[in-house]
Amino acid sequence: MRWRDQTGSVRTSAGPVRPPPRHPDGRRFAIGVLLDSLGQYQTTVLAGIADAARARDVNLAIFAGGVLGAPGSREIHHNFVFDLCHPGAVDGAVLLGGALGNAQGPASVEALCARLAPMPLATLTLGPPRVPRLTLDQELGMRHAVAHLVSVHGRRRLAFVRGPALNSEAERRYAIFRAVLADEGLPVDQALICDGTFERNAGQAAVATLVDDRGASFDALVAANDYMALGALEALEARGIAVPGDVAVVGFDDIEDARFSSPPLTTVRQPLYQQGEAALDRVLAQLEGRDVELETVHATELVIRRSCGCFADLAGAGRAGAAAPFEMQVGGSLDDLLAQRGDELREELGRAVHGADAALPAGWAAQLVDAFEAELRGAGAGLFIAAVDRLLGAVAAGGDDVSAWERLISAMRGWLLPALAGDRRRWRQAEDLWHGARIVIADLAERAQAQHRLHAERLARALTASGAALLATQQVSAVPEAVARQLPELEIPGAWMALRAADQPEAAGILLAYDDERTPGGAEPAAGTRLPALELVPAVLRPLGRRASLVVAPLSFQERAFGVLALEIGPREGVVYASLAEQVSGALEGARLSARLIEEATRRQAAERERLEKEMEIAARIQTSILPRALSVPGLEIAAAMRTASEVGGDYYDVIPTGDGCWLGIGDVAGHGLPTGLVMLMMQSGIGVLARKMPDASPRELLLALNAMLVENVRDRLGQREHATLTLIRYHQDGRLLFAGAHEEILIRRAATGRCERLETPGAWVGAKRDIAAGTVETAARLASGDLLVLYTDGLTEAAGPDRRERFGSERLIAGIEAAAGDDPTAVRDAVLAALDGFAPRLDDDVTLLVGRYFLPGG
């Protein structure tokens, strides 16, 4: 049996190949997998389970239902998915107990196991005493990691980012960290300890706390998992703190992103894939009547990459605990060395690339050494490089870590160089061969990273397309067709969408049934079928006629649960299924809101003034409810205000944080009332989704995508003619601005002069016509520390004075900004609005004003 582990390596299982287990009637067994989410940690475990399930020919149903009972989290509203896992739906279950219990601890996992009893179970990390459990020996790997920073790199002030307080593994890692520091005679400085959540943003927040809030001095940072370590890498880089030059960083888990980060992350590898494979075997063993150990402990190991300060050209870098190469005295013969210690050399080469040699043929190390020795003897030019290229081709094809082979060259050099010191010609020739090998390795590693990036970009494009397609659906009935059109591009072979019945909550109605092996409409249960919700999983798996692994993801929005989306696994990346479920949830919520808003708009046309006023109240609530609640952006202090006129208009502004800044949007939908509110809601949700799904897109690209959606929804579907002025600004923490779209001028009060710079915003209205590409251009600007950025809508400059003839105007606005004392955004905003109040007795249009002060970190 063959599969890929978390390093990407092709593995072959040990032990006997058992026949597929079956029910007495010949049906496949179905095993449930209960996990919190589909992040890289979880999907690596899941890969082991899925490949083992494929090898044993059993079905999988993967229930991604959030952390159990997480207070204040939207994940608690996903827990209903776990209700679909029960003895009537599956024959056994694997629980990722450590992740599931992050909020409520062991008791929540034990309660879930009690509900699933008496069917066979296996858990990872947490579980009841009588349920087979797979745990980690975290001591070895974590000790090596901390000791490596101290003893090899001389780090003395080590920071630590903890995991959830109720997660026993996270607490164990912190305890080991403290113990190693004590062994090394180093104190544990509480000012260098930060709480964490296992999420990427917790690592970013920890760096902000350490650097920005506490002003702490530290030369290394250890995180309780890779997500937080990678977040810390990003935050350190954003502050100009070099990794590993200024701060060494180490994580725990060895998820895929650890290999492809910059610099690659040194981390403690836990055998996630092997744990998944073993967990499934424990469940099947119980079904087959085999003996099962109640606890299985897996070892961890340190994987050294560049983030700790090690470089590939240092001999011995690589796996912690690897034996040091044998060194001969200078003057010893190369032939003698190979004759006497050749076997040890070949074993050492194997250890140097541990985890990156699974795709290689037997005897590969001997082939490499023989080619090297033959070329030194003059048996032929290019033999060694050809052998390296051939073997590395197999490594790359197998998905292994090509860069790990730099350690092999260092190990080989460390062994053989002493024996060549007496022969200057052969010594120089050997150095040339090793240098050439490093060039080949670097080239292949670069190509492997490029292929990984291209694959990620292809998935991102497919998800962006699906998001845009689903965003354009404003009716529930249009959602299934939009999903089905995206499935081939996402390489998902089967999908079923079931929504809760409004009149019978325990029932589910099948809205989508898609199977790429059957003709349209041939999938079961067919669209339009109504069945008890608890029967959904067996109703999908049993008629398929093939082995399948299903992801059962919740469809919900905030506290509202719509139903579930069951997706047959195609790509291994969990983000595909999680993102698609999130997009469908958003489309369903949008359709629900649109249906309500359109219904209100239709009634308004025939209603009396009382009904009109009620609808205007709804529109006002929409307008104010979608305003950004948090205006916290690194490097930009923001104060904003929106004043609505007696007739609700269509003013819009938003602040959408990104990893290195934010998106700023300001606009004005033409018209008043509910249709304007609906268009504004579409515009806000569209910009939000596009900005998050296309993080590297330019303002022009976002505007063009948004315009296409508005034209289809507003003009084609709703038959309305609303359009909007809109400027989108991409702000970077270093002060760079890039903007596009037609709206009012952008004003920048320069700190150096105290005067306002006026930036035109050329372009076309969005939603007015289908093709605005020719008129949509981008403009760049830059903020200096202390500069004020001012955005506003025309309700401010066009406000009328008492005589209704004179307007507030741009010149009065600029004068007020320049006259405002200091650079506090709130004070400047309030001063301008006070001037407006003194000028205009009432407002005829909405007024929006946003003031942001740019400052450098620490400024």
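Here's how it looks for Leu512: its modeled amide H is under 5 Å from those of Met497, which are all 5 or more places away or on a different chain. Taking every DSSP helix (H) stretch of at least 4 residues in the chain, weighting each as -39,500 (n - 2.57) and dividing the sum by the residue count yields a mean residue ellipticity at 222 nm of -13000 deg cm²/dmol. Residues whose amide H comes within less than 5 Å of that of Arg736, counting only those at least five positions distant or on another chain, are Leu783 (H built at 1.01 Å from N in the peptide plane).
When only Cα pairs below 8 angstrom with a gap of at least 6 residues are kept, the chain shows a relative contact order of 9 percent.
The residues Lys693, Lys769, sorted by heavy-atom accessible surface at 1.4 Å with ligands and nucleic acids left out, run Lys769, Lys693 from largest to smallest.
Counting DSSP beta bridges with both partners in the chain, what percentage is antiparallel, nearest 5?
Within the chain, antiparallel bridges account for around 70 percent of the total.
The rule of thumb for compact globular proteins, 2.2 N^0.38 Å, goes into the C-alpha radius of gyration of the stretch 191-263 0.98 times.
Amide H contacts of Gly563 (H built 1.01 Å from N, in plane; Pro and chain starts excluded): Arg500, Leu555 sit under 5 Å, all sequence-distant by 5 or more or on other chains.
In the context of the full set of protein chains, residues of the chain present 41 Å² of accessible surface per residue (probe radius 1.4 Å, heavy atoms only).
Above 25 Å, the calculated P(r) of the stretch 185-324 contains 38 percent of its Cα-Cα pairs. Accessible surface for Arg592 stands near 60 Å², nearest 10, in the context of the full protein assembly shown (1.4 Å probe). Look at where the Cα atoms of the stretch 795-851 and of the stretch 171-215 average out, and the two centres are 48 Å apart. When Rg and the Kirkwood Rh are both derived from Cα coordinates, the Rg/Rh ratio for the chain amounts to 1.02.
Per residue, the Cα convex hull of the stretch 400-557 amounts to 177 Å³. Mean silhouette area of the stretch 40-158, derived from the convex hull of its C-alpha atoms and averaged over all directions, reads 10.1 nm². Taking the protein heavy atoms of the stretch 776-829 in the context of the full set of protein chains, the accessible area attributed to carbon and sulfur is 49 percent at 1.4 Å.
The solvent-accessible area of Tyr653, taken with every protein chain present and a 1.4 Å probe, is close to 20 Å².
Note on exposure: Glu375, Glu637 ranked by accessible area (1.4 Å probe, complete protein assembly) read Glu637, Glu375, with the most exposed listed first. Relative to the 2.2 N^0.38 Å rule of thumb, the stretch 785-859 has a C-alpha radius of gyration ratio of 1.18.
Protection proxy ranking of 105-113, 215-223, by the mean of other Cβ atoms within 10 Å over each peptide's residues and highest first, is 215-223, 105-113.
Which residue, chosen from Leu487, Pro543, Leu471, occupies the Cα position most advanced towards the positive end of the dipole of the stretch 470-546, where the dipole is computed from +1 (Lys, Arg) and -1 (Asp, Glu) charges on Cβ about the Cα centre? Most positive-ward Cα: Pro543.
When +1 charges are put on Lys and Arg Cβ atoms and -1 charges on Asp and Glu Cβ atoms, the dipole computed for the chain relative to its Cα centre reaches about 720 debye. Taking only alpha carbon atoms, the stretch 221-270 gives an Rg to Rh ratio of 0.93, where Rh is the Kirkwood radius. Ignoring any ligand, DNA or RNA, what whole percent of the accessible area of the stretch 409-537 comes from carbon and sulfur when the probe is 1.4 angstrom? On the stretch 409-537, the fraction of accessible area on carbon and sulfur atoms equals 54 percent. Taking 0.36 nm per residue of separation and subtracting the current Cα-Cα distance, fully stretching the chain between Glu778 and Ser632 would add 50.0 nm.
How would you rank 27-33, 194-200, 822-828, highest first, on the average number of other Cβ atoms within 10 Å across their residues?
27-33, 194-200, 822-828
Computed over the Cα atoms of the stretch 114-250, pair by distinct pair, the Kirkwood hydrodynamic radius stands at 15.9 angstrom. Using a probe of 1.4 Å on the protein chains alone, the accessible area found for Ser262 is around 100 Å². Screening the chain for whole DSSP H helices of 20 Å or more along their axis (Cα) with average Kyte-Doolittle hydropathy at least 1.6 returns 383-397.
Within the shell defined by Cβ-Cβ distances under 12 Å, the residues around Ala484 carry a net charge of -3, with Lys and Arg each +1 and Asp and Glu each -1.
The values are calculated or read from the model by the stated rules, or taken from the named source; none is laboratory data. Since the structure is predicted, the reported quantities are computational estimates derived from the model, not experimental observations. Positions of Cβ are backbone-derived with ideal geometry, glycine not excepted, and every protein chain shown enters the neighbour counts. With ligands, DNA and RNA removed, areas are computed over all heavy atoms of the protein, side chains included. Shrake-Rupley method; radii C 1.70, N 1.55, O 1.52, S 1.80 Å.
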